[in-house]
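This report concerns only the one structure given below.
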């Protein structure tokens with residue numbers, strides 16, 4: 001059995017498990033998969049049983065899901081396809097970062113590894129997609145990257161550079177774009193408003209470190225979807 005022998009749904013489940021564990025390495029709960037895919041919990045349970053029988057996942061009764069070694073190999077190939085297609089759409093066809101996820105979801109099932117490798121070469125072998133996510137090499141190797149933390153964990157008064165933004169919520173991506181926030185943007189974590197769990201950040205000039213006057217307010221959930229690297 002090869003990756004392309006799997007159904008598109010099975011390919012998606014492997015990729016989503018890997019993607020969720022990239023943000024949180026603990027076993028993935030079936031409820032999280034159901035929410036991400038938009039299906040009933042019973043549908044996820046059936047899919048995990050089939051993938052488990054194929055030797056691609058380990059599903060503990062009443063527990064979480066992990067990829068097996070083979071499942072991880074297949075998942076990384078799907079992640080590579082998806083993120084290179086997103087990068088191709090932005091860099092070559094002029095899409096914006098909030099438009100590419102759904103397009104790549106369709107395209108990744110229609111392209112061969114040969115075509116993906118040609119696209120990779122055409123783009124100059126990028127190691128990150130438009131959202132800052134790592135693009136695996138054709139060998140399955142992942143590029144080295146700096147340690148990052150959720151925006152919610154960045155201390156007040158600190159400077160931080162945007163490292164990754166989750167592509168799950170196109171509305172949030174459009175909001176960030178409207179405020180000129182992108183991967184690489186420099187932020188200052190402003191004091192937290194009293195009696196609030198909101199995270200307030202100020203967009204800074206990339207080179208001078210002076211304020212642009214643009215201020216953003218993140219709720220706790222949104223702040224978890226943005227990862228930053230401390231500066232200084």
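The values are calculated or read from the model by the stated rules, or taken from the named source; none is laboratory data. Since we're looking at a predicted model, the values are computed, not measured. We place every Cβ from the backbone using ideal geometry, glycine too, and count neighbours over all the protein chains shown.
Going through the stretch 172-195 one residue at a time, which ones are without any contact (Cβ under 8 Å) to a residue 60 or more places away in the chain and out of contact with any strand residue (DSSP E or B) (no Cβ under 9 Å at 6 or more places or on another chain)?
Correct list: 178, 194, 195.
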Looking only at the stretch 59-78, which residues are modelled with pLDDT of 95 or more, more than 18 Å from residue 2 (Cα to Cα) and out of contact with any helix residue (DSSP H, G or I) (no Cβ under 7 Å at 6 or more places or on another chain)? 66
Select, from 216, 142, 151, the only residue that is more than 25 Å from residue 80 (Cα to Cα) and within 17 Å of the chain's Cα centre (by Cα). 151
Filtering the stretch 42-98 for residues that are in contact (Cβ under 8 Å) with a residue 24 or more places away in the chain, under 22 Å from residue 22 (Cα atoms) and in a loop (DSSP other than H, G, I, E, B) leaves a count of 6
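So that you can scan it fast, the table gives a plain yes or no per residue for (1) buried (at least 18 other Cβ atoms within 10 Å of the Cβ); (2) modelled with pLDDT under 95; (3) assigned by TED's automatic domain parsing to the domain that holds residue 79:
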| residue | (1), (2), (3) |
| --- | --- |
| 6 | yes, yes, yes |
| 21 | yes, yes, yes |
| 32 | no, yes, yes |
| 38 | no, yes, yes |
| 55 | no, no, yes |
Per the filter on the stretch 101-124, residues assigned to a loop (DSSP other than H, G, I, E, B) and surrounded by 14 or more Cβ atoms within 10 Å (Cβ to Cβ) are 108, 109, 111, 123
Residue check, residue 27 buried (at least 20 other Cβ atoms within 10 Å of the Cβ), farther than 22 Å from residue 3 by Cβ and either in contact with a helix residue (DSSP H, G or I) (Cβ under 8 Å, 6 or more places away or on another chain) or without any contact (Cβ under 8 Å) to a residue 60 or more places away in the chain (or both): no
Of the residues in the stretch 132-153, those that are buried (at least 17 other Cβ atoms within 10 Å of the Cβ) and either free of Cβ contacts under 8 Å to residues at least 60 places away in the same chain or touching a helix residue (DSSP H, G or I) at 6+ places or on another chain (Cβ under 9 Å) (or both) number 6
What number of residues within the stretch 87-100 are over 26 Å from residue 6 (Cα atoms) and surrounded by 13 or more Cβ atoms within 10 Å (Cβ to Cβ)? 7
Flagged in the stretch 166-197 as surrounded by fewer than 15 Cβ atoms within 10 Å (Cβ to Cβ) and closer than 19 Å to residue 155 by Cα, in numbering order, are 184, 191, 192, 193, 194, 195, 196, 197
